[in-house]
Amino acid sequence: MKDEEKSREQLIEELKEVRLQLLEIERAEKRRKNLAHRLMTEKILSEAVIESLPGIFYLFDDQGKPVRWNEALEEITQYSAEEIARIHLLDFFGKEDRSKVEASAKKVFNDGKATVEADLLAKDQSKTPYLLTGRRVTVDGENYLVGLGIDITKRRRLEEAFRDLFFYAPIGIFIVQNRKFKMVNPGFLKITGYNEDELLGKDCLTLATNEFKEKIRVNAIQMLKGKRSSPYEYQFQTREGEIKWAMESVTTTSFNGKKSTIGYFMDITERRRLEDQLARSQKMEAIGILAGGIAHDFNNLLTALLGYGELMKMDLDRKDPHYYYTEEIMKTATRGSNLTQQLLAFSRKQILQPRVISINDLVGNMERLLRRLIGEDIELVTKIDPDLGAVRADKGQIEQIIMNLAINARDAMPHGGKLTIETADAFLDETYEQRHLEVKPGPYVMLAVSDNGMGMDLDTQSHTFEPFFTTKRMGQGTGLGLATVYGIVRQSGGYIWVYSEPGQGTTFKIYLPRVDEDLDTSEIKPPMVTDLKGRETILVVEDDKALREVISKGLKKFGYGVLEAANGGEALLICEKRKAPIDLILTDVVLPQMSGRELVERLEETRPGMKVLYMSGYTENAIVNNGILKDNVGFLQKPFKVNVLVLKIREILNACRSAASNE
């Protein structure tokens, strides 16, 4: 019984053990199924990841045999999976890349990782640039190379484009790191005159002139702080010591993994020069308009002053002390008149009498006068082109140019020196026009006046032709000599440039348009007038009351009948009411309501036989072309004396009588 119970208990124990074993087997199977499922899931995920990678995936053993790859490798190389399985790692590359790929693979197995750029060779021998990465992995004691390849075709193109831009751009390009030049392109070297070894590693502020160093430094700091940097201009010094202007623009970049600055650098010296030239031209034009307006108003005052002074002298005995006072008043007014004439010359509002002349003849005729003018301690040298062309200009005005420049040169050589006057034919082409905005290309005659005196700096040169600007001491000059020269040259259709350096002397070069015409050798002789008195009736049209009155009194003094009008409307009304003849109308060019020219045109039908004499403080396009009187136009420049006015009137009226008698 006991044996049976013992056998039963043993059987129960065995059954429990079997159950436990079954449970363990069940658990093991469950774990196996879970593991298999997890492995399957991981395999699916890894397959999905590998196939969705942005590039090619590869796994090679330590013999260079492919173990695993993605479909991207098959697509890019055009090989099938069976073909790839038989291909060695190096067979994916051309001869020029195999050595560096092999070295990179060895580095992976030795150091654990490596990166290399190479062209992946396809089955059809086409190549695609790739960035290939590799890492060493160990599985069951075996080493493998696993990696990813990224197509860098776009990057390579950008790099090639940047390389072309960097090396062939006509502007300067540079990279700066910690204020030191790290890269400079040939364009930068050409602009600055330095070679690469002289710049690399040097402070980037080395080239800038002292006054601009701080500006550039502050701009760089602001940019590195993330603030936007705008292009800026500054002066720099070339290797030869020449000061030039540059425009620079910079931005942040990465160079060799470090924060850096890349920028472009342009030589804008020529642009700045042209801008300065244009600004000076505009300034001179504005000053000229102002000077012309001042001269116009001042001429009215001087004409009245001279007229009344002249009338007073007529009524005074020479022994009367007031006669002397009157003469002094008129002398002072005459000096004022000379001043306004210089202002008119500068503002290009003179009346010119151009003729075809030879500059050589003018220089030759003036040589003796110039030698006396400059003194014995200054040597006068003339370099005359014997085949010099002719110009159409006012002879007296050109003589004034030479005189003023000679005086200016003399004053620049207080201790003696050499004055050189040179003439030559020149042709100003399109290239010259690009450097001088006002120039019209064509043939010119060049007149140069040079001295070896004190010279001028750039700031002084920028004011050279401005009226009343002078470097002389008080009382030694009006500052109108060079301004007059400038105005005459420009009104004559020419150009003038100054070249000078402190201590190196000064050269003024004048270019006047050359004409292919015979020289005008005729003499201009005014008609002979022996008697200024007359009985004719003169209509005086002048809006300035004081001037109108003195003109009328002066004409009456010489026996003329005078009618007065303050404007064109009054003049028309007088002509309409008066039935008797009016022999001559003396009218100002600038009048309120209508100009003098318009007034004359309206009277031509009703008063066809009336002669005309215009007067004005400056030239107007209504009666002149660029300062040259239109045909058969009588004109008198203010200020004038009464006897000069009467002489001009007498010339016009006598010419009419002479013409009538000849008929």
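Points worth noting:
- Pairs from the table (313/638; 182/259; 95/182; 579/641) lying more than 24 angstrom apart at Cα are 95/182; 579/641.
- Segment residue 190-residue 313, length gained on full extension (0.36 nm per residue, minus Cα span): 36.8 nm
- Within-11-Å neighbourhood charge of residue 517 [Cβ basis; K, R +1; D, E -1]: 0
- Long-range amide H partners of residue 255 with built H, under 5 Å: 260
- Amide H partners (placed H, <5 Å) of residue 590, local residues excluded: 596
- Likely footprinting exposure, 604, 240, fewest C-beta neighbours within 10 Å first: 240, 604
- Per-residue ³J(HN,Hα) for segment 381-392, Karplus 6.51 cos²θ - 1.76 cosθ + 1.60, θ = phi - 60°, Hz, x for Gly and Pro: 10, 10, 10, 9, 7, x, 9, 4, x, 9, 10, 9
- Subtracting the Cα-Cα distance of residue 238 and residue 381 from 0.36 nm times their residue separation leaves 47.8 nm of extension gain.
- Mean Cβ neighbour count within 10 Å, used as a protection proxy, ranking 299-305, 608-614, 209-215 highest first: 299-305, 608-614, 209-215
- Least to most buried among 548, 273 (fewest other Cβ within 10 Å first): 273, 548
- Take the Cβ atoms of residue 570 and residue 517, set R0 to 45 Å, and the FRET efficiency comes out at 0.45.
- Highest average first, the peptides 588-598, 161-171 ordered by how many other beta carbon atoms sit within 10 Å of their residues are 588-598, 161-171.
- Electrostatic bookkeeping for residue 142 treats Lys and Arg as +1 and Asp and Glu as -1; over the other residues with beta carbon under 9 Å from its beta carbon, the sum is -3.
- Full extension of the chain segment joining residue 438 with residue 275 gains 57.5 nm, where the gain is 0.36 nm per residue of separation less the Cα-Cα distance.
- Long-range HN-HN contacts of residue 378 with modeled amide H, under 5 Å: 417
- Report note on the peptides 508-521, 401-414: ranked by the mean count of other C-beta atoms within 10 Å, highest first, their order is 401-414, 508-521.
Bear in mind that the values in this text are calculations on the coordinates, not laboratory data. Keep in mind that this is a model prediction, so the values were computed, not measured. So basically every Cβ, Gly included, is an ideal-geometry build from the backbone, and we count neighbours across all protein chains shown.
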